[in-house]
Every structure is written in structure tokens, then in C-alpha cells.
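Visitor: First the structure, then my questions, so here it is.
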Amino acid sequence: MTPSIRQLIQQIGWCDFLIRATSRALAALSLGKVKLHRDYIVVQPLAAVGSGPVRRTGSFVIRSLGSSCDPLVARLPRPQEEIRERFASGAECFVAERDGEPVAFLWVHRASFLDAEVRSRFLVEPYGKAVWDFDVYVDPRFRGSTIFWRLWQEASRILLSRGVEWSISRISAENDGSISAHRRMGAYPVATAIHLCIGRIKVTLSDMSPHVHFSFSESRHPCYRVNAQEARRRRYFRFASAA
């Protein structure tokens, strides 16, 4: 066993290591037609972020984009049609900009969110007190800076002022940076799911209901209820030291 593999196992655990290795082997052997990956569902108490000491933003301006009419929307590195659909569904974008250019952003959605990437719908509860966050982005030039924390802090302050107490999100087990960042902000896992996709066929195994779901069409997807107030903290290896 090489040192790099040993260190990776110590960092992510045997389970995630085997899933990651199997995923890459399946993708290579099937020329990308077979995909296997694991996700964690995490709950972020916004008070843990929004109530902290305010850090300087320098020349950055952090604000909310409430509609596609904002001039800054055209500069977001996402397809404009997709952005319009997000706003139409009720999503909101928090963005950090400098000199009229977006350098970081995150999106939040209330109530029900359809995650097309994993073909799953998530019902976010309690209604009005929790949001689903997704598509967190930081320009490569500013990764490693404090802008990620400041963006989250300001977004948390705004949401807290509206009575929102938690943010819930899905994090890929392969996204080590995102897992570490969420842990530092006080987020904790409440569920996990493993997805196996073979073309249009998808099988999902999860420790939240429904525990097993088969889909033979991209239009069919499982629906998971995630209640931030009731969900209990899970003791997965990746988050054990933060429990």
C-alpha cells in the first residue's frame, strides 16, 4: 500500500475509499456509461456562521440577487436559461462581487428542491425555518481566501433576519474541500445515499426513507423529507471528529 493511498484512507475512511475506487474503475471500463457515487446530506445551523465576528471583505460587496433582472446575473458563469429557471422556481442567489464581477456565489431554495444531478427531490422542513443550499462557487483566483466564509456569513445573517435557522445541502463524498469547509462552519451529517447509474437506470440506497429506490426513467425520482429540527446527527467516519 503506497503512502498516498494510506493517507487517503486515513482521511476519508475505508468505505468512501472503496466507493471512490470502484466508481473510477466502473467509469473507465464502461467509458462513462456506469456511474457510482456517494452523497452526504448535511444540516448547517446558520447561527453558528452568522453570529460570528464580522470579517473584512475589502473591496468585495456581498448582496442578494432576487431576480434575473439584476445586471450581475448576466455575468454569472452558468447558462442563462438555467438561471432564469432557478429564479422562476423561487430560488435566491447570494453573490460576492468586486468591480462589477461576481467572484463567489451560493444559491438557496425553500420547501421542495429537485436536484437534477442525482435525480432526487428533497422536501426541506420546517417550512420557513430551513432552506436548501446548492451550487456554491468561488472563482479559482480567490479559493483559499476568506471570501467563502464571508459570503456564507452575510448570507446567514440575511436568512437569520427572516427567521431561517438552518440550511440543508447535499455534498458529494468526492468533494473533500466542501466537506472540510462545511465541517469548519459547524455543519453535521443527517443522512447518506449511494447512487448507481447505468444509462437511464438508477438505483439509490439510502439510510433515509425511501431506503431503496429504482428508476428506469430520468423523469422518475425518489422524494426525501429532510427536517432540520428533527433529524439526528449521524456518526459517519468523515464527520466523526467533528461530532
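The values are calculated or read from the model by the stated rules, or taken from the named source; none is laboratory data. As the structure is a computational prediction, the values presented were derived from the model and not from experiment. Cβ coordinates were reconstructed from backbone atoms using ideal geometry, including for glycine residues, and neighbour counts include every protein chain displayed. When the accessible area is computed, the model is the full protein with side chains, heavy atoms only, and any ligands, DNA or RNA have been set aside. Shrake-Rupley method; radii C 1.70, N 1.55, O 1.52, S 1.80 Å.
Visitor: Hey, can you tell me all the residues within region 128-159 that are in a helix (DSSP H, G or I) and crowded, with 19+ Cβ neighbours inside 10 Å? Talk me through it step by step, then tell me what you get.
Guide: Residues of region 128-159 that are in a helix (DSSP H, G or I), as a first pass: 140-142, 147-159.
147, 148, 150, 151, 152, 153, 154, 155, 156, 159, listed by residue number.
Visitor: Moving to a separate point now. Out of 168, 179, report the one residue that is of a type in the set (A, V, I, L, M), touching a residue at least 12 places away in the same chain (Cβ under 8 Å) and part of a strand (DSSP E or B). So that I can check it myself, show each step before the final result.
Guide: Numbers: 179 fails: part of a strand (DSSP E or B).
Among 168, 179, only 168 is of a type in the set (A, V, I, L, M), touching a residue at least 12 places away in the same chain (Cβ under 8 Å) and part of a strand (DSSP E or B).
Visitor: Kindly check whether there is at least one residue in region 197-205 that is open to solvent by 60 Å² or more (accessible area, probe 1.4 Å), modelled with pLDDT under 95 and among the aliphatic types (A, V, I, L, M).
Guide: At the first step, the residues of region 197-205 found to be open to solvent by 60 Å² or more (accessible area, probe 1.4 Å) are 198, 200-201, 205.
Adding the requirement that they be modelled with pLDDT under 95 leaves 198, 200-201.
Then keep just the ones that are among the aliphatic types (A, V, I, L, M); that gives 198, 201.
Yes.
Visitor: Return the residues of region 195-234 that are under 19 Å from the mean Cα position of the chain (by Cα) and part of a loop (DSSP other than H, G, I, E, B); say none if nothing qualifies.
Guide: 207, 208, 221, 222, 228, 229, 231, 232, 233, 234
Visitor: Can you tell me how many residues within region 127-151 are within 23 Å of residue 232 (Cα to Cα) and either at pLDDT below 95 or touching a helix residue (DSSP H, G or I) at 6+ places or on another chain (Cβ under 7 Å) (or both)?
Guide: Summing the residues that are within 23 Å of residue 232 (Cα to Cα) and either at pLDDT below 95 or touching a helix residue (DSSP H, G or I) at 6+ places or on another chain (Cβ under 7 Å) (or both) in region 127-151 gives 3.
Visitor: Still on this structure: Within region 182-191, identify whether any single residue is open to solvent by less than 20 Å² (accessible area, probe 1.4 Å) and either of a type in the set (Asp, Glu) or assigned to a helix (DSSP H, G or I) (or both), and answer yes or no. Break it down stepwise before answering.
Guide: Within region 182-191, the first condition is being open to solvent by less than 20 Å² (accessible area, probe 1.4 Å), and the residues that meet it are 182, 185, 187, 189-191.
Subsequent filtering for residues that are either of a type in the set (Asp, Glu) or assigned to a helix (DSSP H, G or I) (or both) retains 182.
The answer is yes; a qualifying residue exists.
Visitor: Does any residue of region 74-91 turn out to be surrounded by fewer than 16 Cβ atoms within 10 Å (Cβ to Cβ), under 21 Å from residue 141 (Cα atoms) and either touching a His at 6+ places or on another chain (Cβ under 8 Å) or aliphatic (A, V, I, L, M) (or both)?
Guide: Taking every residue of region 74-91 in turn, at least one turns out to be surrounded by fewer than 16 Cβ atoms within 10 Å (Cβ to Cβ), under 21 Å from residue 141 (Cα atoms) and either touching a His at 6+ places or on another chain (Cβ under 8 Å) or aliphatic (A, V, I, L, M) (or both).
Visitor: Please specify each residue of region 92-117 satisfying the condition of being buried (at least 18 other Cβ atoms within 10 Å of the Cβ), under 21 Å from residue 147 (Cβ atoms) and not acidic (Asp, Glu).
Guide: Here is the first cut: in region 92-117, the residues buried (at least 18 other Cβ atoms within 10 Å of the Cβ) are 92-97, 102-109, 113.
Filter once more, so that each one left must be under 21 Å from residue 147 (Cβ atoms): 92-97, 102-108.
Result: 93, 94, 95, 96, 102, 103, 104, 105, 106, 107, 108.
Visitor: Here is a further query. Which residue pairs have Cβ atoms closer than 8 Å, lie 6 or more positions apart in sequence or on different chains, and pair a first residue in region 18-46 that is exposed (fewer than 12 other Cβ atoms within 10 Å of the Cβ) with a second residue that is in a strand (DSSP E or B)?
Guide: Taking only residues 6 or more apart or on different chains, the pairs are 33/198.
Visitor: Taking residue 216 as meeting all but one of (1) open to solvent by 50 Å² or more (accessible area, probe 1.4 Å); (2) modelled with pLDDT of 95 or more, write down the number of the exception.
Guide: The number of the failed condition is (2).
Visitor: While we're here: Tell me, which residue of region 1-17 that is part of a helix (DSSP H, G or I) and β-branched (Val, Ile, Thr) is surrounded by the fewest Cβ atoms within 10 Å (Cβ to Cβ)? Walk me through how you get there before you give the answer.
Guide: To start, the set of residues in region 1-17 that are part of a helix (DSSP H, G or I) comprises 3-17.
In the following step, the residues that additionally are β-branched (Val, Ile, Thr) were identified as 5, 9, 12.
On the way: 5: 11, 9: 16, 12: 18.
Checked region 1-17; the qualifying residue surrounded by the fewest Cβ atoms within 10 Å (Cβ to Cβ) is 5.
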